[in-house]
Amino acid sequence: MNEILKNEIIALCSVMSVSGFEPRSADLLRQSVGNHFDETMTDAVGNHIFWKRSQNPSAPTVLIDAHFDEIGMVVTKHLENGFLKLAPVGGLSPSVLQGADVVVYGTETLRGVIVSTPPHLRSGGDDRLPDLADLMVDTGYSTEELKTIAPVGTPVGFAPHYSQLSGDCLAGKSFDNKACAAIAAYAIAHTPKERLAANVALLFSCYEETSPTGGAAVATFGIEPDYAMVIDVNLATVPDTPKSETVPLGKGVSLSLSAATDRRLTRMTRALCENREIPHTVIASPASTGTNATAVNLVKGGVPVVDVGLPLRNMHTYNEVISMTDAEALFRLVEQFICSDLLAQTFGGDGREELPQ
C-alpha cells in the first residue's frame with residue numbers, strides 16, 4: 001500500500017489550488033477523486049465536497065475535513081524584460097523563495113524561477129535577505145506576451161517536484177494540506193459501503209491559508225454532520241525546536257487536546273488507535289489547534305470534533321517532508337473512524353447528549 005498511497009499523495013499535491021483559486025480544480029477532482037464517491041459538488045466559495053453514503057438508512061453523518069488550499073503567490077505587476085512582480089498568498093517567507101522553481105497558472109501554464117537583485121548590485125552591497133516585494137519571476141517571455149498570458153491576478157505556485165529521501169520520507173510541495181486530503185480520500189474511497197457506520201462527507205475545504213474562519217464553516221453548515229474529524233499537518237520536530245510545540249516524525253499521527261475539540265470524541269479516537277495499534281502521539285493545544293477544528297466545532301448547535309495531525313517538516317516551503325509511516329497511520333485511522341459503530345451510536349442524533357464530557 002505504501003507505494004500506491006505515495007502515488008496518490010503526489011498526484012493530488014500536484015494539482016494547483018493556491019488559496020482563493022480552489023474552484024479551478026473542480027473538474028479534475030470530479031474525474032479523479034469523485035469517481036469513487038456517490039456525489040460530488042463544489043459550493044459557492046470553492047469547497048469541494050464528496051459524499052459516500054452508508055447502506056444504513058438511519059445512519060448519522062460524519063464529516064472528514066482536510067483543507068485543500070495551498071500557499072502561493074499572485075501576479076501584481078509586469079516589469080521590463082518579462083519579469084513578474086508578486087504578492088504572497090498565505091504565509092510565505094522570503095528566506096525560502098529565492099531560486100524557487102514555480103509555475104505561473106495563466107491562460108497558458110508557464111514555468112518560471114524566482115529571482116532578485118544580487119547582493120553585489122544592491123545599494124551599499126547589502127547582503128540581507130530581500131523583501132518579498134523585491135522578488136520577481138523570470139519566465140523567459142517578453143513583457144507584452146506576459147500581459148496577455150499572465151495578467152495581474154494570475155496565481156503562481158511552486159513547481160511539483162517530489163523526491164524519496166532515505167528511509168520512508170517523501171519531500172515535495174503542498175503536503176500542507178493536500179497530503180492529508182489525498183490520504184483521507186484514498187481511505188474512504190476504498191472502504192466498502194457495507195462497513196460504513198455513517199454517511200461520510202469528505203470536505204476539501206478552501207481559504208484555510210488565508211482566513212481564520214476559512215471555507216470549512218460554510219461547508220459544515222450545509223453538511224450538518226453529527227461529528228467530525230479535522231485533519232491537518234502538524235509541525236514535526238527538528239533540532240532547536242521545542243518538543244512541547246512539535247511532534248515526532250515517523251511515530252504516527254497526533255491527537256490534539258484543546259478547547260476547540262470534543263474531549264469524549266478525542267478520547268474515543270485515541271482508544272481506536274490503541275485498540276488497532278495505530279501509532280500516535282497526544283499533544284496539548286490549550287486555546288487553539290491552529291486548524292479548522294474551531295470553525296467546524298462552532299457551527300449551528302456545535303459539532304463534536306477531533307483534531308488529527310500528520311507530522312510535517314519544512315512547513316510552507318517548496319520541499320516539505322512527510323513520513324510514509326505516518327501517512328499509513330492516518331490512512332488506518334480514517335478507515336477505523338468512519339467504520340466505528342460505537343462512534344456512530346454515541347454521536348449520532350441525540351445520543352451525544354446522554355454522556356458527559
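One line per residue, one yes/no per condition, for (1) of a type in the set (S, T, N, Q); (2) in contact with a strand residue (DSSP E or B) (Cβ under 8 Å, 6 or more places away or on another chain):
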site: Glu145; (1), (2): no, no
site: His161; (1), (2): no, yes
site: Ala201; (1), (2): no, yes
site: Ser211; (1), (2): yes, no
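Could you please let me know if Leu255 is over 18 Å from Thr213 (Cα atoms), under 17 Å from the mean Cα position of the chain (by Cα) and not small (Gly, Ala, Ser)?
Here the answer is yes, as Leu255 does meet what is asked.
For region 3-19, give me each residue that is surrounded by fewer than 21 Cβ atoms within 10 Å (Cβ to Cβ) and in a loop (DSSP other than H, G, I, E, B).
Ser14, Met16 - these are the residues of region 3-19 that are surrounded by fewer than 21 Cβ atoms within 10 Å (Cβ to Cβ) and in a loop (DSSP other than H, G, I, E, B).
Name the one entry in Val305, Val321, Val299 that is within 27 Å of Ser95 (Cβ to Cβ), hydrophobic (A, V, I, L, M, F, W, C) and either surrounded by fewer than 22 Cβ atoms within 10 Å (Cβ to Cβ) or in the same structural domain as Gly214 (by TED's automatic domain parsing) (or both).
Val321
Could you look through region 155-167, keep only residues that are surrounded by 15 or more Cβ atoms within 10 Å (Cβ to Cβ) and in contact with a helix residue (DSSP H, G or I) (Cβ under 9 Å, 6 or more places away or on another chain), and pick out the one that is farthest from Cys13 (Cα to Cα)?
In this case the residue turns out to be Pro155.
Filter region 281-296 down to the residues that are out of contact with any helix residue (DSSP H, G or I) (no Cβ under 7 Å at 6 or more places or on another chain) and part of a strand (DSSP E or B), then identify the one that is surrounded by the most Cβ atoms within 10 Å (Cβ to Cβ).
By that ranking, first place goes to Ser285.
Do the conditions hold for Ala26, that is, is it farther than 21 Å from Phe175 by Cβ, assigned to a helix (DSSP H, G or I) and in the same structural domain as Pro225 (by TED's automatic domain parsing)?
yes
Looking at Ser285, Ser323, Ser254, can you tell me which residue is closer than 29 Å to Ala100 by Cβ, in contact with a Ser or Thr (Cβ under 9 Å, 6 or more places away or on another chain), of a type in the set (S, T, N, Q) and touching a residue at least 24 places away in the same chain (Cβ under 8 Å)?
Ser254
Could you list all residues from region 297-320 that are within 21 Å of Pro60 (Cβ to Cβ), among the charged types (D, E, K, R) and assigned to a strand (DSSP E or B)?
Asp307
Could you list, in sequence order, all residues of region 36-62 that are part of a strand (DSSP E or B), buried (at least 18 other Cβ atoms within 10 Å of the Cβ) and aromatic (Phe, Trp, Tyr)?
Phe50, the sole residue that qualifies.
Residue by residue, here is whether (1) β-branched (Val, Ile, Thr); (2) within 28 Å of Arg313 (Cβ to Cβ); (3) within 21 Å of the chain's Cα centre (by Cα) holds:
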position: Ser142; (1), (2), (3): no, no, no
position: Tyr162; (1), (2), (3): no, yes, yes
position: Phe175; (1), (2), (3): no, yes, yes
position: Ala189; (1), (2), (3): no, yes, yes
position: Ala219; (1), (2), (3): no, no, yes
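What are the pairs with Cβ atoms under 9 angstrom where one residue, in region 70-86, is closer than 30 Å to Leu12 by Cβ and the other, located anywhere, is among the acidic types (Asp, Glu) and in a strand (DSSP E or B)? Sequence gap at least six, or different chains.
Once the first residue is closer than 30 Å to Leu12 by Cβ and sits in region 70-86, its partners that are among the acidic types (Asp, Glu) and in a strand (DSSP E or B) give Leu84/Asp138.
Does at least one position in region 26-35 carry a residue that is buried (at least 17 other Cβ atoms within 10 Å of the Cβ) and closer than 28 Å to Gly348 by Cβ?
Within region 26-35, one or more residues are buried (at least 17 other Cβ atoms within 10 Å of the Cβ) and closer than 28 Å to Gly348 by Cβ.
I'm checking my understanding of the structure. Among residues of region 185-203 that are in contact (Cβ under 8 Å) with a residue 24 or more places away in the chain and part of a loop (DSSP other than H, G, I, E, B), which one is surrounded by the fewest Cβ atoms within 10 Å (Cβ to Cβ)?
Ranking the qualifying residues of region 185-203, first place goes to His190.
Only one of these is farther than 26 Å from Glu194 by Cβ, at pLDDT below 95 and out of contact with any His (no Cβ under 9 Å at 6 or more places or on another chain): Leu92, Leu28. Name it.
Every option except Leu28 fails the conditions.
So which of Asn275, Asn314 ends up being at positive phi, surrounded by fewer than 24 Cβ atoms within 10 Å (Cβ to Cβ) and assigned by TED's automatic domain parsing to the domain that holds Glu208?
Asn314
Quick check on region 100-134: of everything there that is at pLDDT below 85 and under 21 Å from Ile71 (Cβ atoms), which residue is surrounded by the most Cβ atoms within 10 Å (Cβ to Cβ)?
Here the residue is Pro130.
Count, please, the residues in region 236-246 that happen to be modelled with pLDDT under 95 and either under 17 Å from Asp176 (Cβ atoms) or assigned to a strand (DSSP E or B) (or both).
Number satisfying all stated conditions: 5.
The values are calculated or read from the model by the stated rules, or taken from the named source; none is laboratory data. In this text, all values refer to a predicted model and were calculated from it rather than measured experimentally. Cβ: placed from backbone, ideal geometry, glycine included. Neighbour counts: every protein chain shown.
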